[in-house]
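Read through the structure below, which is laid out as structure tokens, and then see the notes.
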Amino acid sequence: MLKQTTDRYQDIRDAVRALCAEFPDEYHRKIDEQRAYPEAFVDALTKAGWLAALIPQEYGGSGLGLTEASVIMEEINRSGGNSGACHGQMYNMGTLLRHGSDVQKRKYLPKIASGELRLQSMAVTEPSTGTDTTKIKTTALKRGDRYVINGQKVWISRVQHSDLMILLARTTPLSDVKKKSEGMSIFLVDLHQAIGSGLDVRPIPNMVNHETNELFFENLEIPADNLIGEEGQGFKYILDGLNAERTLIAAECIGDGHWFLDRVSKYVTERVVFGRPIGQNQGVQFPIAESYIEVEAANLMRWKACELFDAHQPCGPQANMAKYLAAKASWEAANACLQFHGGFGFANEYDVERKFRETRLYQVAPISTNLILSYVAEHVLGLPRSF
Ligand SMILES: Cc1cc2nc3c(=O)[nH]c(=O)nc-3n(C[C@H](O)[C@H](O)[C@H](O)COP(=O)(O)OP(=O)(O)OC[C@H]3O[C@@H](n4cnc5c(N)ncnc54)[C@H](O)[C@@H]3O)c2cc1C
């Protein structure tokens, strides 16, 4: 086959692929069917140090850039796995790294790097405010050496498989701040201490095998020392981390895109109907070729976002555009893959329907396609603001 392989970072790819090969399709299929957590897979990735890629060496990580980290996530998805089970461990710690105190960093980062502690969760979304984050209603009120948390969150992922969670809450009422983005703060919540002592976690059964939950806070007390950075600046800190999150998820979508393209190319070459391989029909070839073009185009924007991020340059437009293009391209590839598997695409044993569900998520979360378009329209093109 003449398929061009311009894969960069082949050494990382080979090593991650070798690890992923120990967890074949059957493993991920069974975990999906049981709606279980891929504990053994996440443990293996942690032990091999892959999830600590972005943690600086002084804290026990490997101190790699976003570029290398994105290759790790891409390879997990490209191998048939789903980084959604563990990608939080890779980027949530960035908030602590950039804005935490020295004491917090020394206390938590080495343990996150070794896998002793999981910081897999970040609680931002609320049921009544959705994407309009500055309207969040969860409050954190200072009482002596503690903050008391009340409110509700929704769609908070991996809480049942994490030790720590970053929480965004209002510390000053919206009516008392000059800018709506002010007056929110972020906290590190010790989930083992919190659950059952003011935090109630209710799982949300959903379309993907993605462990995600509703959270109810009722007078949850957390030590004031768990505030990250300055009180009132939390929204800015959360935004700081989003470019990394979006770029990594773009890479995951590119991994998915290649997985779909590899599977469908093989299938249409082997499947004979009307006396010839179905892939000989241009009606079958063209959507597959088109998807390949789109995945590769998205990949260019992903490298651009990584390059700017690693050079500490502004990369908001590129990170958002990479996520937009990659999520769209992987979804098109998923559609082509399902379509040309015919009825077999719907059979669990082909894994297409599982990956199809998994990749669909990325047009809604962690940010919807419309909100990216709105960001580009207003912040890149300077069009009038709509909200
Ligand atoms: C499986 C899963 C896991 C998640 N994990 C987490 C997590 O770990 N932590 C967390 O904090 N959140 C998480 N989320 C939440 C996710 O980030 C939100 O669902 C997403 O940002 C969309 O917000 P919403 O669901 O409130 O939709 P809404 O804000 O209600 O919007 C619904 C739709 O309306 C459209 N829309 C809304 N406003 C506008 C506008 N102004 N202009 C144009 N279109 C608009 C968009 O298309 C959007 O998709 C998760 C969600 C899912 C489904």
Looking only at lysines whose Cα falls under 21 Å of Lys111's and that sit 8 or more positions away or on another chain, we get Lys47
Quick check on packing: order 182-192, 374-384, 35-45 by the mean number of other C-beta atoms within 10 Å, highest mean leading. 182-192, 35-45, 374-384
Could you name the lysines whose alpha carbon sits less than 23 Å from that of Lys180, not counting residues in the same chain fewer than 8 places away? Lys135, Lys137, Lys142, Lys153, Lys236
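Answer rounded, prolate or oblate for the chain, using the Cα gyration tensor with square roots of eigenvalues a ≥ b ≥ c: rounded when a/c is under 1.5, else prolate when a/b is larger than b/c, else oblate. Please list the in-between numbers first.
Working: a/c = 1.84, a/b = 1.68, b/c = 1.09.
Since a/c reaches 1.5 and a/b is larger than b/c, the shape of the chain is classed as prolate.
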Mind checking the angle between helix 10-21 and the chain's longest principal axis? C-alpha axes, 0 to 90 degrees, to the nearest 10. 90 degrees
Most packed first (mean Cβ within 10 Å per residue), the peptides 112-120, 341-349, 21-29 order as 112-120, 21-29, 341-349
Under the rule of -39500 (n - 2.57) per DSSP H run of 4 or more residues, summed and divided by the residues of the chain, what mean residue ellipticity at 222 nm is obtained, to the nearest 500 deg cm²/dmol? -15000 deg cm²/dmol
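Each value in this text was obtained by applying a stated rule to the coordinates, not by laboratory testing. The structure presented is a predicted model; accordingly, all values stated were derived computationally and were not measured. Note that we place each Cβ from the backbone using ideal geometry, even for glycine, and neighbour counts take in every protein chain shown.
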